Amino acid sequence: MRNRRFVQRRGPLVIYDKDEGISRAFRNIPGVELAQVDSLSVLQLAPGGHLGRFCVWTQSAFEKLDALYGTPTEASSEKTRHGTPYRMPQLQMANADLSRLINSDEVQSVVNAPKEGTAPKARKANPLKSAKAMDVLNPAAATFKKAATEAQATKKAKAKRVNAMKSTFYKQLIADES
């Protein structure tokens, strides 16, 4: 548990059918829990989803399990679900050897053959880094890029001319002063 300094582990669970003083007998023993067989839950039998809790069953509780949950051949005589008696889950497979079933001739004759020779999927190219990928997505991108490059080149040439004019003007100013 959170925010607790000491966490006490789950102790044994005593399961009974009729309380004939059993709850008074175990109430002062720390960690021992009591449960009636009619109101068992999975959280009591396997707390936190961990199987293997130590359970002590009384003889009458163990005998009542068949009446509560039924047997593989008979339905429950006490527990009902929507008016019908509860039945234990039945096994879906008579033969649990799954690998033998899959590799049997009857199954393999119906199963499709394994696919061979499939080429691995090509890696997607980044259109910002690959010109071919950009042409596939936007055919006009090449002309836009060319126009942008030319505009940048003309801007650079104009800046170079202005800087040259500035430097010549400055040289003329210095030459006039001397």
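The values are calculated or read from the model by the stated rules, or taken from the named source; none is laboratory data. These figures come from a predicted structure and were not determined experimentally. Cβ placement follows ideal geometry from the backbone for every residue including glycine, while neighbour counts extend to all protein chains displayed. Just so you know, the surface numbers come from the protein's heavy atoms only, side chains and all, with ligands and any DNA or RNA stripped out. Shrake-Rupley method; radii C 1.70, N 1.55, O 1.52, S 1.80 Å.
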- Task: Within region 63-84, identify whether any single residue is without any contact (Cβ under 8 Å) to a residue 60 or more places away in the chain, within 24 Å of VAL7 (Cα to Cα) and among the aliphatic types (A, V, I, L, M), and answer yes or no.
- Result: no
- Message: Checking VAL14 against (1) without any contact (Cβ under 8 Å) to a residue 24 or more places away in the chain; (2) in a strand (DSSP E or B), only one condition comes out false. Which one?
- Response: (1)
- Query: Taking helices (runs of 4 or more DSSP H) that fall entirely within region 81-178, which contain at least 2 residues that are on the phi < 0 side of the Ramachandran plot and either among the charged types (D, E, K, R) or in contact with an Asp or Glu (Cβ under 8 Å, 6 or more places away or on another chain) (or both)?
  - Reply: 105-110, 131-137, 141-177
- Item | Count of region 57-73 residues which are open to solvent by less than 90 Å² (accessible area, probe 1.4 Å) and either among the aromatic types (Phe, Trp, Tyr) or farther than 15 Å from GLU20 by Cβ (or both) | 7
- Note on the structure: Over region 81-94, the set of residues open to solvent by 90 Å² or more (accessible area, probe 1.4 Å) and more than 31 Å from the chain's Cα centre (by Cα) is ARG81, HIS82, ARG87, ALA94
- Hits in region 24-56 - residues which are touching a strand residue (DSSP E or B) at 6+ places or on another chain (Cβ under 8 Å), part of a helix (DSSP H, G or I) and either within 24 Å of GLU78 (Cα to Cα) or open to solvent by 100 Å² or more (accessible area, probe 1.4 Å) (or both): VAL37, GLN44, LEU45
